[in-house]
Amino acid sequence: MSYILHLGHQPTDVSGISGLLNTTAIGFDANLDVNGIRFSGSRSFAMPFSLGFAAPSGDLWLGFRYVPPSGEADLITEGNAGFVDFYDANFVRIAHIQPLTSTRRYHAIARGDTVVQGNSSYSPPNGQPQWIDVRVAVGASITIDFYVDGVLQSTATAANSQGKGKPVQIVFPNVGLHGSASSRTWYYAHFAVLDGVSTIGRRFVRRTPNAIATFSQMVGSIDALKDEDVGTRVSSNTAGQRLSFSLTGPTGPAAVTAIAGVHVKQIAQAGTVGPQMVAGFLRIGGVNHDAAPVTVPSLMPRSIYSTWALNPADSSAWTNLNLPAEVGILSA
């Protein structure tokens, strides 16, 4: 079972950002990926996007890299400014991070039986990259903690006797993040949404399919997995078929203290007949190591994650020397 609820900032990962991918160097960490998301607009121009996922069993953690607008980033003048909103399955907003005109800071706000606003020590620095982490805990109360570069900046807790649910959607309203009427530019990258696992200090390196390796049992070209287009696919009509491939892309920071896990992500959809489940697998030393299969919907594609906390070949910790060179997908 994977603790990953969401990874990535590609068009197939995030709702509402088509055409905004960008390779400007400041917008992302080149050790982790090859692009980020770029926004440009005036203070009152809203450009929302969202992330959807299954409800977590534990606390929800959101992590991402943020580059505030350069020039007047700390001058918040819009009363409806919005940074990050969290919604439950009933489309009720349960918590958010909001820039306030009264303090010119970003505040954690919990929305339970009452609306509780936390104090804040965070004003965004002009054009300086930073890592944002947010924890949302929902139970008898709703708590939201807001961290920047690992330091707690704002927290709020509200009673939840009405039974509002755990978050299943995160919306970035993307409005009022600076005080200028002229156009400003800001960036997001490296979204991670985790179930019960802190995102603080945790980074994910995105590697993508390169070339067919040992198995090519599915219909369709490897190019369908490389083009970032959910409309181009490979397909399987029989359970047990495999497709495996080598990987390309960044290999991570030079100094890595620990590797917490290897994850295979696929976006899958079931047909009206044939296999209804999929899994990821690693191939190490000529042996396949399959993750548990997951049932996929037939109405629309969804992201499926397979996770290995340890090297399945010998139960050893992952290192830069034993990471798998071949991974794949399996119909079931």
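The values are calculated or read from the model by the stated rules, or taken from the named source; none is laboratory data. Everything numeric here is computed off the predicted structure, so don't read it as measured data. Positions of Cβ are generated from backbone atoms using ideal geometry, with glycine treated the same way; all protein chains shown enter the neighbour counts. For accessibility, only protein heavy atoms count, side chains too; no ligands or nucleic acids. Shrake-Rupley method; radii C 1.70, N 1.55, O 1.52, S 1.80 Å.
When both segment 141-164 and segment 1-49 are represented by their alpha-carbon centers, they are found 24 Å apart. With all protein chains in place and ligands, DNA and RNA left out, the 1.4 Å accessible area ranks Ser182, Ser2, Ser315, Ser154 as Ser315, Ser182, Ser2, Ser154, largest first. Taking a straight Cα-Cα cut-off under 27 Å and skipping sequence neighbours fewer than 8 places away in the same chain, the lysines within cross-link reach of Lys226 are Lys265.
Just the number, please: carbon plus sulfur as a percent of the accessible area of the chain, 1.4 Å probe, no ligands or DNA/RNA counted.
52 percent
Extension gain, Val287 to Asn210, is 25.7 nm, computed as 0.36 nm per intervening residue step minus the present C-alpha separation. A 1.4 Å probe run over the protein chains yields, for the chain, 43 Å² of accessible area per residue, whole-number rounding. Modelled spin-label separation between Ala159 and Ser298, with each label point placed 7 Å from Cα along the Cα-to-Cβ direction: 4.8 nm. When we measure straight from the Cα of Lys166, which aspartates and glutamates land under 16 angstrom away, once same-chain ones fewer than 8 places off are left out? Here the aspartates and glutamates satisfying the reach criterion relative to Lys166 are Asp59, Asp85, Asp88, Asp113, Asp145, Asp195. The structure shown yields Cα extents along the principal axes in Å, and of the options (i) 63, 52, 44; (ii) 61, 45, 39; (iii) 95, 84, 43 that calculated value carries the label (ii).
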